[in-house]
Amino acid sequence: MKMAAMLTLHHLNNSRSQRVLWVLEELDLKYEIRRYERDPKTLRAPSSLTHIHPLGKSPILEDARDGRRDVLAESGAILEYVVETYGQGRLRPQAGSPEALKYRFWLHFAEGSMMSPILIRLIMGQVEKAPLPFFVKPIAKKISQTVQEKASTPEIKRQLDFVETELQKTPWLAGEAFTAADIQMSFPLEAAQARGLVGERRAIKGYLDQLRMRPAYQRALQAGGPYDLNYG
Ligand SMILES: N[C@@H](CCC(=O)N[C@@H](CS)C(=O)NCC(=O)O)C(=O)O
């Protein structure tokens, strides 16, 4: 049975907020969605989000319970909170186990390390496509390529190779059981795949297929609306 309504997700289209929807669906929690649309030109979130949290980024989760109202930002922190508060032991390994160490690692790695080179690549791609005077374009392209060669491409490769090796050992990132760390890692991995970066890494490809087959993943997609991974 769903719990009493107390959770409100401030959801931006095409965003990391999709993962919060997914964890809420996995746990069969009742929640409300407030929708926000990116500016079609700048892709930025509307300023109304800053009224909910000063950073103005999505996801933001509000939880009103026991006479208090908490406003949470940062997807990894939100997932951890939801699982700890409402999971009743689901979606996380037993505290103190080796799996719990892995769980924590992947929860942090997704945003703390893996998204950075992907975002550098995205931004550099935008620099190359920007409407610039024709004589500046080759310079912009050169800068973009140099930054990518030095800062993002080798890093993305190293990270994906690492994920691939880990997924050859166990079906899920924290071990034998699916956890919220898999939800958190789905975004950088799907973003990498959408950019053709996963290549022939079979363990990652199979893993992503498994993630997408989960009914809660699909319900979250229906609830969240359009989901295009070519956004930051
Ligand atoms: N590390 C943060 C990133 C939050 C973030 O950058 N969200 C993006 C959407 S994926 C956003 O709100 N972008 C719109 C903007 O910056 O105006 C998290 O995982 O929650």
Looking at segment 81-102, which of its residues are among the hydroxyl-bearing types (Ser, Thr, Tyr), within 20 Å of residue 216 (Cα to Cα) and away from the ligand (no atom under 14 Å from the Cβ)? 85, 86
Give just the number: which of (1) in contact (Cβ under 8 Å) with a residue 24 or more places away in the chain; (2) more than 16 Å from the ligand (Cβ to nearest atom); (3) of a type outside the set (Gly, Ala, Ser) does residue 11 not satisfy? (2)
So, in segment 82-114, how many residues would count as being assigned to a helix (DSSP H, G or I), buried (at least 18 other Cβ atoms within 10 Å of the Cβ) and either free of Cβ contacts under 8 Å to residues at least 40 places away in the same chain or not acidic (Asp, Glu) (or both)? 10
Only residues that are among the polar types (S, T, N, Q) and either in contact with a Phe, Trp or Tyr (Cβ under 9 Å, 6 or more places away or on another chain) or surrounded by fewer than 16 Cβ atoms within 10 Å (Cβ to Cβ) (or both): list them for segment 154-211, please. 159, 165, 168, 170, 179, 184, 186, 210
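Residues checked against (1) over 22 Å from residue 229 (Cβ atoms); (2) touching a residue at least 60 places away in the same chain (Cβ under 8 Å); (3) among the aromatic types (Phe, Trp, Tyr); (4) assigned by TED's automatic domain parsing to the domain that holds residue 180:
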{"site": "21", "(1), (2), (3), (4)": "no, yes, no, no"}
{"site": "49", "(1), (2), (3), (4)": "no, no, no, no"}
{"site": "58", "(1), (2), (3), (4)": "no, no, no, no"}
{"site": "66", "(1), (2), (3), (4)": "yes, no, no, no"}
If we keep only residues of segment 67-80 that are surrounded by fewer than 17 Cβ atoms within 10 Å (Cβ to Cβ) and on the phi < 0 side of the Ramachandran plot, then the residue nearest to the ligand (Cβ to nearest atom) is 77
For segment 45-66, which positions are buried (at least 19 other Cβ atoms within 10 Å of the Cβ), part of a strand (DSSP E or B) and under 20 Å from the mean Cα position of the chain (by Cα)? 60, 61
Look at segment 198-219 and say how many of its residues are over 13 Å from residue 179 (Cα atoms), basic (Lys, Arg) and not in a helix (DSSP H, G or I). 1
Within segment 220-232, tally of residues that are assigned to a helix (DSSP H, G or I) and either β-branched (Val, Ile, Thr) or surrounded by 15 or more Cβ atoms within 10 Å (Cβ to Cβ) (or both): 4
Before we move on, is residue 16 at pLDDT 95 or above and either within 15 Å of the ligand (Cβ to nearest atom) or under 20 Å from the mean Cα position of the chain (by Cα) (or both)? no
Selection count, segment 22-44, where residues are of a type in the set (Ser, Thr, Tyr) and either more than 18 Å from the chain's Cα centre (by Cα) or more than 19 Å from residue 78 (Cα to Cα) (or both): 2
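The values are calculated or read from the model by the stated rules, or taken from the named source; none is laboratory data. The shown structure was predicted, so the numbers you read here are calculated from the model rather than taken from an experiment. So basically every Cβ, Gly included, is an ideal-geometry build from the backbone, and we count neighbours across all protein chains shown.
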